Amino acid sequence: MKIQTNKSLKLYNTFGVNVSAANFIEVKSDQDIQQAIQLNHQPIFVLGGGSNLLLTKDPKGLVIKNSIAGRKVVRSFKQSHYVKVGGGENWHDLVVWTLKKGLYGLENLSLIPGTVGAAPVQNIGAYGVELEQVFHKLQAIHLETGKRKTFFKKDCQFGYRNSIFKNELRNQYIITNVWFKLSTIKKVNIRYGAIQDTLMKMKIKNPTPKHISNAVIQIRQSKLPDPAKLGNSGSFFKNPEVSKKKFNKLKKQFPNIKFYPLDNGKVKIPAAWLIEQCGWKGKRVGNTGTYQHHALIIVNHGKASGKEIMSCAKQIQKAVKKKFGVLIEPEIRVDFL
Ligand SMILES: Cc1cc2nc3c(=O)[nH]c(=O)nc-3n(C[C@H](O)[C@H](O)[C@H](O)COP(=O)(O)OP(=O)(O)OC[C@H]3O[C@@H](n4cnc5c(N)ncnc54)[C@H](O)[C@@H]3O)c2cc1C
């Protein structure tokens with residue numbers, strides 16, 4: 001384990017922002033983490049694949065890059081298997097591996113960038129499935145005391161792109177291993193309209209989980225910018241949830257408003273629609289702006305700094321607030337370390 005100083009993080013975040021970490025260490029085991037903590041460089045910031053964050057300043061203290069590897073089936077039952085996965089494993093590689101093993105449940109989450117250890121942090125979700133549906137437990141190490149702790153589903157306080165690790169326990173733990181409960185039964189989730197349309201185009205009538213994975217990959221590749229070609233962190237903002245009363249008022253003013261009623265009585269409005277209505281789809285401001293095919297994705301056209309990207313996000317937020325009176329909040333982690 002080698003400590004590097006003044007390390008550029010340009011290649012370690014999908015926005016491609018060039019900030020420099022005062023101290024940087026790649027960890028491959030729990031022992032590495034214990035040693036890193038003992039170096040006493042505070043604050044410690046845990047980095048996975050850098051696909052859900054915007055770095056606006058040079059991180060001081062210590063950046064720990066999680067590269068803990070390992071995937072194995074640890075318990076098997078007739079209809080389900082428990083799988084233990086190292087936090088540094090690539091998420092999509094895990095999805096591919098599980099499908100090859102005949103284990104199902106992750107297929108709708110195909111091609112989400114990033115690491116397994118970061119997946120519970122925001123309870124990743126896509127195409128009708130969220131991580132919590134297949135999550136069993138995780139192990140994490142406290143970044144000050146070095147103590148190991150197990151968190152079961154109820155401890156994680158999962159919500160829409162949310163968990164305890166984004167709130168109360170923000171920056172306090174590094175997630176080292178995650179356990180999933182996966183099914184051996186080929187049951188598929190095709191509730192999401194785009195999946196049904198893609199399967200139709202693929203002429204698949206009785207889809208298997210592998211077909212779902214292929215369909216999701218096709219949709220994502222056609223819709224989302226590849227961070228290797230155009231810096232971005234996926235959806236920048238969460239879809240806002242408003243009260244029924246507020247929604248009814250908006251509907252009167254904007255009869256074409258897009259929305260999804262929620263079980264809790266609130267109404268979810270697609271942030272992309274709100275942003276688009278404010279004229280921000282595909283708009284460029286200097287080195288940044290939104291993606292031409294998806295208003296929710298802020299992109300780095302090459303040389304944008306984190307601050308520039310943040311300023312663009314704030315302008316979008318302000319425009320939406322002014323037109324609709326709705327606050328859109330970042331889904332991604334914005335750091336001012
Ligand atoms: C093109 C694109 C598409 C995307 N699509 C989706 C999508 O469909 N659904 C979705 O939910 N997300 C999506 N994302 C966001 C992102 O891929 C996920 O949030 C992913 O889980 C982030 O993983 P990461 O390893 O890159 O985390 P990072 O960006 O490195 O870290 C994100 C946060 O988690 C913390 N963290 C990272 N690893 C750990 C750990 N081991 N322990 C504790 N804290 C940790 C970091 O400190 C940071 O606060 C997309 C991103 C891109 C670029």
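Please treat every number below as a calculation from the coordinates, not as lab data. Because the structure is predicted, anything quoted here is derived from the model rather than measured. For neighbour counting, all protein chains shown are included, and Cβ atoms are generated from backbone atoms with ideal geometry for every residue, glycine included.
Could you tell me how many of the residues in region 306-321 are among the basic types (Lys, Arg) and touching a residue at least 12 places away in the same chain (Cβ under 8 Å)?
Going through region 306-321 one residue at a time, the tally reaches 1.
Please indicate, with yes or no, whether at least one residue in region 146-159 is within 27 Å of His211 (Cβ to Cβ) and either without any contact (Cβ under 8 Å) to a residue 12 or more places away in the chain or within 11 Å of the ligand (Cβ to nearest atom) (or both).
no
So which residues in region 312-337 are in contact with a strand residue (DSSP E or B) (Cβ under 8 Å, 6 or more places away or on another chain) and either hydrophobic (A, V, I, L, M, F, W, C) or more than 20 Å from Arg170 (Cβ to Cβ) (or both)?
Matches in region 312-337: Cys312, Ala313, Gln315, Ile316, Gln317, Val326, Ile328, Ile332, Val334, Leu337.
Quick grid of which residues meet (1) of a type in the set (A, V, I, L, M, F, W, C); (2) in contact with a Lys or Arg (Cβ under 6 Å, 6 or more places away or on another chain):
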position	(1), (2)
Ile25	yes, no
Gln35	no, no
Val74	yes, yes
Leu94	yes, no
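Run Asn123 past the list (1) without any contact (Cβ under 8 Å) to a residue 60 or more places away in the chain; (2) assigned to a loop (DSSP other than H, G, I, E, B); (3) more than 10 Å from the ligand (Cβ to nearest atom) and report the number of the one that doesn't hold.
Of everything listed in (1) without any contact (Cβ under 8 Å) to a residue 60 or more places away in the chain; (2) assigned to a loop (DSSP other than H, G, I, E, B); (3) more than 10 Å from the ligand (Cβ to nearest atom), Asn123 misses just condition (3).
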